[in-house]
Amino acid sequence: MKRDFINLIDFTETELMTIIKESSKWKKGRYSSYGISKNILEGKTIALIFEKASTRTRVSFEVAINELGGNSTFLSVRDLQMGRGEPIKDTARVLSSYVHGIVYRCFSHDMLNDLARYSSIPVINGLSDYGHPVQVMSDLFTLYEHFGDIKKLNISWIGDGNNMANSWIEAHLVLGFSLSMACPEGYEPSDKLLKKALKNRNFRITNNPEEAVKGADVINTDVWISMGDENQEEERKKAFKGFQVNKNLLKKANKNAVVLHCLPAYRGLEIAEDVIESEQSLVFVQAENRLHAQKAILEFIYKKKGANKNG
C-alpha cells in the first residue's frame with residue numbers, strides 16, 4: 001500500500017521522530033562516509049508539479065532525489081494539460097503509469113487530496129494553502145539538532161495563522177511540545193485544528209506577541225503576505241503592525257531562545273534585519289536542513305514494502 005505525506009497529523013509520534021532522527025543521519029552521511037544506503041530511489045523517477053514559485057522546496061527535493069539515486073522531472077502547471085482544465089483525477093492516473101511519486105506544490109489543499117486519492121503512487125505535499133509539512137519537518141529536525149528533546153521545548157509562533165501555522169499545530173498535536181501562538185484578530189489558524197489544540201493545557205493562542213514569547217525557547221515566524229495574498233498587502237501590513245520579530249520581542253523570551261523563519265523573509269516587516277543575522281538565528285541552518293529532511297521523508301516512504309505499484 002502506498003504512503004502519502006500530506007499532513008503531519010496523519011502520522012504517529014514514533015513515525016515523525018524516526019524521520020527527524022534519520023534526517024540527522026543523512027546530514028552526517030553527506031559530509032562523511034557514514035555508511036548508509038544511498039540508492040533508495042534507484043530506478044525511480046519523481047515528478048515535481050509546482051503551481052507556485054519555489055527555491056528551497058524545488059532545489060532540496062531535486063538534489064535529494066538525485067543523491068538517493070533517482071531522477072526528478074519538474075512540471076510547471078502551465079506546461080501540463082491540467083493547466084488547461086484537465087481533471088486532476090485524470091492527471092493523477094496518467095502520471096501514476098509513468099513515474100513513481102509526485103511532489104505537489106499547490107494553491108488548493110483540496111486539489112492535493114484529489115491528486116492523492118486518484119494516484120496509485122505516493123504523493124508528497126510540497127506546500128498547499130492548508131499546510132507545509134515538509135518545511136516543518138526540517139524545522140523540527142533543526143530544533144532536535146540544536147536542543148535535543150523537542151518535547152521539552154516551549155515554541156512560539158508570531159504572525160499569520162497560515163499554512164505553516166497549521167502544520168506547527170499538527171506537529172504540536174502529535175509530538176506534545178508546548179506551543180504559544182500570537183496572531184492578529186481575523187488571521188488565526190484553522191478553526192478545526194484550534195479546537196483540537198485548545199484541549200491541551202500546553203497550547204495557547206493570543207493577539208499579544210509579547211505574551212506568546214514569554215518563556216519561549218523558540219520564536220518562529222513567516223511572511224505576512226503569502227503567495228496569493230498580494231492584493232491584501234496594505235491591509236495586512238496594518239493588521240500585523242506590532243507583530244515583528246525584533247530585538248525587543250526577543251528580550252521577552254528565554255535568554256538562549258532561537259529564531260526560525262522558513263524563508264523567503266521580508267526584512268523590516270515580519271522580522272528585523274539584526275535578528276535574522278544574529279547569533280540566535282537558525283534560519284540558514286533551517287534552510288540547509290530542508291535537503292536532509294527531504295531525504296528522510298523519501299526514505300520513510302520508499303523503504304516501506306509496497307510503497308508504490310511501480311516500485
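Brief remarks on what is shown
- Neighbourhood net charge (11 Å Cβ-Cβ; Lys/Arg +1, Asp/Glu -1) for Val123: +1
- A simple count of charges around Ser178, restricted to other residues whose Cβ falls under 13 Å of its Cβ and scoring Lys, Arg +1 and Asp, Glu -1, yields +3.
- A Förster radius of 51 Å combined with the Cβ-Cβ distance from Glu13 to Lys238 puts the calculated FRET efficiency at roughly 0.80.
- Between Glu230 and Phe284, residue separation times 0.36 nm minus the direct Cα-Cα distance comes to 16.9 nm.
- Efficiency of FRET from Cβ geometry, Asn256 and Arg84, R₀ 45 Å, rounded to 0.05: 0.25
- Each Lys and Arg contributes +1 and each Asp and Glu -1, all at the Cβ; summed about the Cα centre of the chain, the dipole is approximately 1000 debye.
- Simple point charges give the picture: +1 on the Cβ of Lys and Arg, -1 on the Cβ of Asp and Glu, and for the stretch 135-287 a dipole about the Cα centre of about 760 debye.
- Residue order, fewest to most surrounding Cβ atoms within 10 angstrom, among Ser178, Ser119, Ser97: Ser97, Ser178, Ser119
- If you take all other residues with their beta carbon under 13 Å from the beta carbon of Tyr266, and give Lys and Arg +1 and Asp and Glu -1, the sum is -4.
- Which listed pairs, of Lys44/Lys295; Lys25/Lys303; Lys151/Lys255; Lys25/Lys252; Lys255/Lys295, have C-alpha distances above 23 Å, in listed order: Lys25/Lys252; Lys255/Lys295
- Karplus-derived 3J(HN,Hα) values for the stretch 266-275, using 6.51 cos²θ - 1.76 cosθ + 1.60 with θ = phi - 60°, are 9, 4, x, 9, 6, 8, 7, 4, 6, 8 Hz; glycine and proline are entered as x.
Readers should treat all values here as calculations from the given coordinates under stated rules, not as data from a laboratory. Not measured: the values here are computed from a predicted model. Ideal geometry is used to build each Cβ from the backbone, glycine not excepted, and the neighbour counts take in all protein chains shown.
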